[in-house]
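Here's the structure we're looking at; comments come further down.
Quick note: the coordinates plus some simple rules give every number you see, no bench work behind them. Just so we're clear, the structure is a prediction, and the values are computed from it rather than from any experiment.
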Amino acid sequence: MAQVELILLQRIEKLGQMGDLVKVKPGYARNFLLPQKKAIRANKANLAQFETQRVQLEAQNIKRREEAERLAERMHGLSVVVIRQAGESGSLYGSVSSRDIADLCTAGGLTTHRGQIILENPIKMLGLTRVKVVLHPEVAMTVTVNVARSVEEAEKQTRGEAVGQAAEQDEQGVLEALLQENAAEDAAA
């Protein structure tokens, strides 16, 4: 299938920088790059128009990047708590979506939308998960998502304490160690 030639209007990860001429599949151009105004078709008129606006576009891009960098610096270390029901093993009844995380980030002072949240895998377990938030094509930050059954459990997880089955297993291990110590002391006496 023939590829479509485009001029990028902003940096696209794994594709190119602003102003680059790239060839992509027609569906990618038609369904993503063109509707979101991340690129324009490469023809003589658009090339001429882009060259006349290039300085202005680059200045706008630098300004937005600097704002995103300041925001990322200000919100560094942001942590959000998600309260969900879960089974005994710690697996959630459902999952935590990018929309949930975006809403919680916005409530925490970082205005985002779900398209900016990059989830490697769906969050389906209790615990702490680090999630990438893309504020600008060249600026990303990490948000810690704390998934717990209750606020108290979330606080324990934040402190690094084990919860759920892991905590029960740790307690059982401590009890067994104490019993072994007592048995060793009794045998020595």
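Mean residue ellipticity at 222 nm, helices only, the chain: -13500 deg cm²/dmol; runs of at least 4 DSSP H residues each add -39,500 (n - 2.57), and the sum is divided by the number of residues. The alpha carbon radius of gyration of region 4-73, expressed as a multiple of 2.2 N^0.38 Å, is 1.17.
In straight-distance terms, cross-link reach from K132 covers every one of the lysines whose alpha-carbon lies under 24 Å from its own, apart from those fewer than eight places away in the same chain; here that gives K14, K37, K38, K63, K124, K156. The calculated pair-distance distribution of the chain uses every alpha carbon pair, bins of 10 angstrom beginning at 0, and gives 8, 24, 22, 18, 13, 7, 4, 2, 1, 0 percent.
Each pair of Cα atoms in region 79-166 enters the Kirkwood radius, and Stokes-Einstein at 25 °C and 0.890 mPa s then converts it into a translational diffusion coefficient of 184 µm²/s.
Relative to the longest principal axis of the Cα atoms of the chain, the long axis of helix 165-188 makes an angle of roughly 30 degrees. For the chain, the longest principal axis of the alpha carbon atoms and the long axis of helix 98-107 meet at an angle near 90°. Beta bridges from DSSP with both residues in region 1-151: antiparallel share about 80 percent, rounded to the nearest 5.
Shape annotation for region 104-152: C-alpha extents along the principal axes are 35, 24, 14 Å, from largest to smallest. Can you compute log10 of I(q)/I(0) for region 1-44 with the Debye formula, treating each Cα as one identical point scatterer, at q = 0.16, 0.27 Å⁻¹? Debye curve over Cα of region 1-44, log10 I(q)/I(0) at q = 0.16, 0.27 Å⁻¹: -0.33, -0.96.
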